[in-house]
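The values are calculated or read from the model by the stated rules, or taken from the named source; none is laboratory data. Computed from a predicted structure; not experimentally measured. Ideal geometry is used to build each Cβ from the backbone, glycine not excepted, and the neighbour counts take in all protein chains shown. Accessible surface is based on the protein model in full, side chains and every heavy atom, while ligands, DNA and RNA are left aside. Shrake-Rupley method; radii C 1.70, N 1.55, O 1.52, S 1.80 Å.
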Amino acid sequence: MPDRSARRAIASGLFAIVLHTAVVAPAAAAGDPHRHRPERFGIRLLEIPENRLDDPRSHAFIVDHVNPGTTFTRRLEVFSTSPVRQHVNVYPAAARVGDEGFTFAPARTGNELTSWITLDRTAVDLPPHGHVPVTATVAVPPTASKGERYAVIWAEISSASPGPSGNVALVNRIGVRTYLDVGPGGEPPTSFRIGEVTAGRTDGGQPRLVAEVGNTGERAVDLEGEVRLSEGPSALSAGPFRSTRATTLPPGGHGQVTVLLGHDLPAGPWRFRLTLRSGRVSRTAGGTITFPPAGERAVAEGDPSVPVLAACAAAALAAAVLLVVNLRRFRRRPLDGEAA
């Protein structure tokens, strides 16, 4: 049996599939005579809606908003980088977005969205280094309720390996996420905020920035981004340093985005600029930071944001108006014997 770390790696799946990058999964069973030539395969999108060409998420995932009763298709491709023929099963399965991010159900567990998805192929036989197109049709019922749903379209290879208790099935799969929002009218807003930013170090001493983030919109977000440093010791600049992985948050959800920086960076102080994005929406935070010793953390001294400045101006204006009103009331206070 695979050890716990191997099972976790298989269970986590690989989702970051972009159009021009071959993301593949090993599919050779333990004891396979071709272990020195592991079978590898992948799945990717071939089709992006015209109105989402500027949305990076739509290049990797099926992301859409439709009215109830809508039917649409997406073309995908299952491909191989292996020198041997491979049999690959293709199917949709349930997923959810919650406190643990984007998670998927075991095996072929279904949900409402998967019941709307039909594939023109449920299995493909890939020739060596070959590729086969697959079309997914999504038929949303006219009675579908408002809301966002999640699923994965999986490509899967399973094989058997002899073990102490008989054959052991080894399953490798790789998938394309689906984020489908349903409802009349326009697409719900996507928005998020960057909260407190702290500096610290990993157990190995590597500097890192951790940003508290919150989803303030009505659709799930996949947050990733980068940090640039400037005005450091001896006027040094550094970066960009990119986040290690995307952080997925449901509407109303909160989490953290971590960016690992260079091992040899001086402690500072530094000016930092953190830019996070999800699809077409981006937010930026900046300030001054000094990296503490290992095991400690430091809160960034942030720059005032536009909303903060606007709130201060509004408060000042309200105070001025109140002062004028009070002065007028004082001047118009009735004298003794005068009608109020």
Quick test of your reading of the structure: residue 114 fulfils all but one of (1) touching a residue at least 60 places away in the same chain (Cβ under 8 Å); (2) under 28 Å from the mean Cα position of the chain (by Cα). Name the failing condition by number. (1)
Out of 51, 89, which single residue is farther than 25 Å from residue 257 by Cα and surrounded by fewer than 13 Cβ atoms within 10 Å (Cβ to Cβ)? 51
For the range 25-78, give me each residue that is at positive phi and either charged (D, E, K, R) or at pLDDT 95 or above (or both). 69
Mind telling me which of the residues 190, 178 ends up being assigned to a loop (DSSP other than H, G, I, E, B) and at pLDDT 95 or above? 190
Pairs only if they're at least six apart or on different chains, beta carbon under 8 angstrom, first in the range 63-75 and surrounded by fewer than 14 Cβ atoms within 10 Å (Cβ to Cβ), second among the hydrophobic types (A, V, I, L, M, F, W, C) and in a loop (DSSP other than H, G, I, E, B); list them, first residue then second. 67/140; 69/140; 69/144; 71/140; 75/46
Just name the residue that is farthest from the chain's Cα centre (by Cα) out of those in the range 256-276 that are outside any loop (DSSP other than H, G, I, E, B) and surrounded by fewer than 19 Cβ atoms within 10 Å (Cβ to Cβ). 271
In the range 122-135, what count of residues is obtained for those that are surrounded by 14 or more Cβ atoms within 10 Å (Cβ to Cβ) and either touching a Ser or Thr at 6+ places or on another chain (Cβ under 8 Å) or part of a loop (DSSP other than H, G, I, E, B) (or both)? 4
Go through the range 69-105 and count every residue that is small (Gly, Ala, Ser) and in a loop (DSSP other than H, G, I, E, B). 3
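Here are 152, 138: which of them is in a strand (DSSP E or B), in contact with a Gly (Cβ under 7 Å, 6 or more places away or on another chain) and either surrounded by fewer than 20 Cβ atoms within 10 Å (Cβ to Cβ) or not charged (D, E, K, R) (or both)?
On the way: 138 fails: in contact with a Gly (Cβ under 7 Å, 6 or more places away or on another chain).
From the options 152, 138, the qualifying one is 152.
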Among the residues that make up the range 169-188, is at least one of them closer than 30 Å to residue 272 by Cα and touching a strand residue (DSSP E or B) at 6+ places or on another chain (Cβ under 9 Å)? no
Any chance residue 324 is modelled with pLDDT of 50 or more, open to solvent by less than 70 Å² (accessible area, probe 1.4 Å) and more than 27 Å from residue 233 (Cα to Cα): no
Filter result (acidic (Asp, Glu) and either closer than 16 Å to residue 273 by Cβ or under 13 Å from the mean Cα position of the chain (by Cα) (or both)) within the range 212-234: 222, 224, 226, 231
Consider the range 76-86. How many of its residues are open to solvent by 30 Å² or more (accessible area, probe 1.4 Å) and of a type in the set (S, T, N, Q)? 1
Can you confirm whether residue 218 is over 18 Å from residue 285 (Cα atoms), in contact with a strand residue (DSSP E or B) (Cβ under 9 Å, 6 or more places away or on another chain), of a type in the set (Asp, Glu) and not in a helix (DSSP H, G or I)? yes
